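First the structure, then my questions, so here it is.
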Amino acid sequence: MVKVKVSPHINTDGSINLEAWLQHTATLRSNQDLQLIRHACVLSQLAGEDKPTLTGISCLQQGLIMAEVLLDLHLDSETIAAAIVYSSVQYGDLSLDDVRDHLGNQTANLVQGTIQMEAIRTLPGLDSENHTQLENVRKMLLAMAQDMRVVIIKLAERTSIMRTLEVFDADTCRAIAKETKAIYAPLANRLGIGQLKWELEDLSFRYLEPTAYREIADNLHETRIEREKYIEKIITDLQTTLQESGMKDFSITGRVKHIYSISQKMRRKKMGFDQIYDLNAVRVLVTTIDECYNVLSIVHGQWKALRSEFDDYIATPKPNGYRSIHTVVIGPNNKNIEIQIRTHEMHAESEHGVAAHWQYKETHKQRADYHAKIAWLRQVLEWQKDLVKSGTAINPVQNATLDDRVYVFTPTGEIVDLPQGSTPLDFAYQIHSEVGHRCRGAKINNHLVQLTHTLITGEQVEILTAKNPNPSRDWLNSQLGYLKTARAKAKVHHWFKLQDYDKNVIDGQAMIERECHRLAISGIDFETTARKLHYKNKNEMFSALGAGALRTVQVL
């Protein structure tokens, strides 16, 4: 059963003992910038202590709940501060300017990014048709791509809402739980944040299927003592065996499977609760990967393994980066027991996911590197595909337009948003007109490519430039595929228009004469043709051709 964490720092009258909360935080994270967190608490108290959020609790209380979620994930101080004041900005009297003045640009930007994700916020009574969700997902992706900590703040807010959901009527609870299960829990899973995924799934299940939830919860409670004794025996036996084999610096713990995962297994295997024996799992944490396989060998030597239930996610990690070895063995009393084997680092990643990138960082100056950003964006797009496959929020008519944008990186890790089908040349003009004009080549992920290469989300693009600008008129030929965006084409047109008139006349005349020769056309009266095209004379027409304002096909 989900154990909803309640802050122990609430007074009997419902007010919050802020000083006690701060002292508790200091004991948990001694290396955090506690001064920044303290300032955030004071701001939230002044602007939101008496202002209610969606679920009726105060902005300050929701901010502290969100902060506690992020503290468990070891997020940095700026993110925790942003979570504390976020609700006060949303529902209280705190402005972004106030946040920027008192807590700095980094915290204010995180709050602003989280606000931009409000497109997917569930409000009472807004269980609307799915046609609005496509644009919502896009906006969310754009916000996430800039700083993934924004997403984790949003997940913390949703966790806070789910923990206090009982204030709503049954229909509203189901609507919010449905969205949480369909969008937020899968997102937490894609980011590898196991502890939030499990809690969001269990809380959603509690409101979507209360009878099934209560039945499993009651059964777990009734069998708790027996299961705990059994798991203690497994841990003791395994600990003795590992020590006798010379293993050191390992730890063994037991955990109960989450209610939602138990229900899924019962349905998948078509079993009753009393037929599910591996309700508990034993987890072995070691230091190195070699030790993981050593432990696996010892476990299989002690108990008979069910080969069909073996998964090596170290050799083949899950898409969200999860790594671990899972094996099911037949333990004492002929009961199945799942054993998970991983390193301490893998365990931190499985619990905290992308949040592990910020563990114990004391300054925002340390940026995630390029490869981490690419891995992040790919995970987000995989999650986006999951929504399509499951039919959640997006109908078949809209699927075709889901991928109409492409997101690529500059060499410094900045994200550039372009239409699908864009080329390195479009990218160059998106950066700056002069970069486009001087473009002479491009590298994708450090490999040379043609300027007609179609960009793919997640690629790093580097533009090779010449000293002087010298666009090619071929770039304006749509059949050659150099440019996709109207913006880039307009910039090339403008460049040619500004060049020397005489040069345009010569170039334009050469262009049309080449085409006439290629098509075996002769005896053309260019003066008459020019007047039909509303030019004063043939030189004006040639100049327009040379400048790119007129196409040869129009003349022909």
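Of all the C-alpha pairs in segment 432-535, what % are more than 15 Å from each other?
73
Moving to a separate point now. Output wanted: per-residue J couplings in Hz (rounded whole) for segment 201-216, from phi through Karplus 6.51 cos²θ - 1.76 cosθ + 1.60, θ = phi - 60°, x for Gly and Pro.
5, 5, 5, 5, 4, 4, 8, 7, 9, x, 5, 5, 4, 5, 4, 5
OK, next. Applying the Karplus parametrisation 6.51 cos²θ - 1.76 cosθ + 1.60 with θ = phi - 60° to the phi angles of segment 291-308, what ³J(HN,Hα) value in whole Hz is obtained for each residue in order, glycine and proline being reported as x?
5, 4, 6, 5, 4, 4, 4, 5, 4, 5, x, 8, 10, 6, 8, 8, 4, 5
In Å², what does the accessible area per residue of segment 480-539 work out to with a 1.4 Å probe?
About 70 Å² of surface per residue is accessible.
Next question, about the same structure. Based on the mean of other beta carbon atoms within 10 Å per residue, what is the order of 58-68, 506-516, 458-468, most packed first?
58-68, 506-516, 458-468
Name the residues whose placed amide hydrogens come within less than 5 Å of the amide hydrogen of Gln499, ignoring near sequence neighbours (fewer than 5 apart) on the same chain.
none
Cα extents of segment 431-470 along the three principal axes, largest first, in whole Å?
Largest to smallest, the principal-axis extents are 29, 17, 15 Å.
Determine the relative contact order of segment 180-315: mean sequence separation of Cα pairs under 8 Å and six or more apart, normalised by residue count, in whole percent.
Normalised by residue count, the contact order of segment 180-315 is 22 percent.
Let me ask something else about it. May I ask for the percentage of alpha-carbon pairs in segment 186-238 that lie more than 13 Å from each other?
Summing the P(r) tail past 13 Å for segment 186-238 gives 69 percent.
Using a cut-off of 14 Å between beta-carbons, work out the net charge of the residues near Val286 (Lys and Arg +1, Asp and Glu -1, Val286 not included).
0
Quick one: 3J(HN,Hα) in Hz for segment 96-112, Karplus 6.51/-1.76/1.60 with θ = phi - 60°, rounded, Gly and Pro as x.
Residue by residue, segment 96-112 yields 5, 5, 4, 4, 5, 5, 9, 10, x, 5, 4, 5, 4, 5, 5, 5, 4 Hz.
Moving to a separate point now. So what's the gap between the Cα centers of segment 465-530 and segment 220-295, to the nearest angstrom?
72
Separate question: Scan around Thr343 for amide H atoms under 5 Å from its own, H built in the peptide plane at 1.01 Å from N, and keep only partners 5 or more places away or cross-chain.
Under 5 Å from the amide H of Thr343 lie the amide H atoms of Val286, each far enough along the sequence or on another chain.
On a full-extension model of 0.36 nm per residue, what is the gain between Ser245 and Thr452, subtracting their alpha-carbon distance, rounded to one decimal in nm?
Between Ser245 and Thr452, full extension yields 68.5 nm more.
Please give me the summed charge of the neighbours of His102: other residues whose Cβ is under 15 Å from its Cβ, Lys and Arg +1, Asp and Glu -1.
Result for the local shell: -4.
I've got another one for you. Using Cα-only point scatterers and the Debye equation, what is log10 of I(q)/I(0) for segment 182-308 at each q in 0.11, 0.13, 0.17, 0.21 Å⁻¹, rounded to two decimals?
Result of the Debye calculation: -0.51, -0.70, -1.05, -1.25.
How much length is gained if the chain between Glu309 and Leu556 is pulled fully straight, taking 0.36 nm per residue apart and subtracting their Cα-Cα distance, in nm to one decimal?
81.9 nm
Taking every eigenvalue of the Cα gyration tensor of segment 444-492, multiplying by 5 and rooting it, what semi-axes result, largest first, whole Å?
That gives 20, 15, 10 Å for the three semi-axes.
Here's another thing I want to ask about it. Can you compute the label reach from Ile506? Point 7 Å from Cα along the Cβ direction, backbone N cut-off under 15 Å, restricted to segment 512-556.
Residues 543, 546-547 fall inside that zone.
Still on this structure: Radius of gyration and Dmax for segment 241-294's Cα atoms, expressed in Å?
15.5, 42
For Ala217 and Asn334, calculate 0.36 nm times their separation in residues minus their Cα-Cα distance, and state this gained length in nm to one decimal.
Fully extending the segment from Ala217 to Asn334 adds 39.7 nm.
The values are calculated or read from the model by the stated rules, or taken from the named source; none is laboratory data. All values reported here derive from a predicted model rather than from experimental measurement. Neighbour counts run over all protein chains shown; Cβ positions are idealised from the backbone, glycine included. Accessible surface areas use protein heavy atoms only, side chains included; no ligands, DNA or RNA. Shrake-Rupley method; radii C 1.70, N 1.55, O 1.52, S 1.80 Å.
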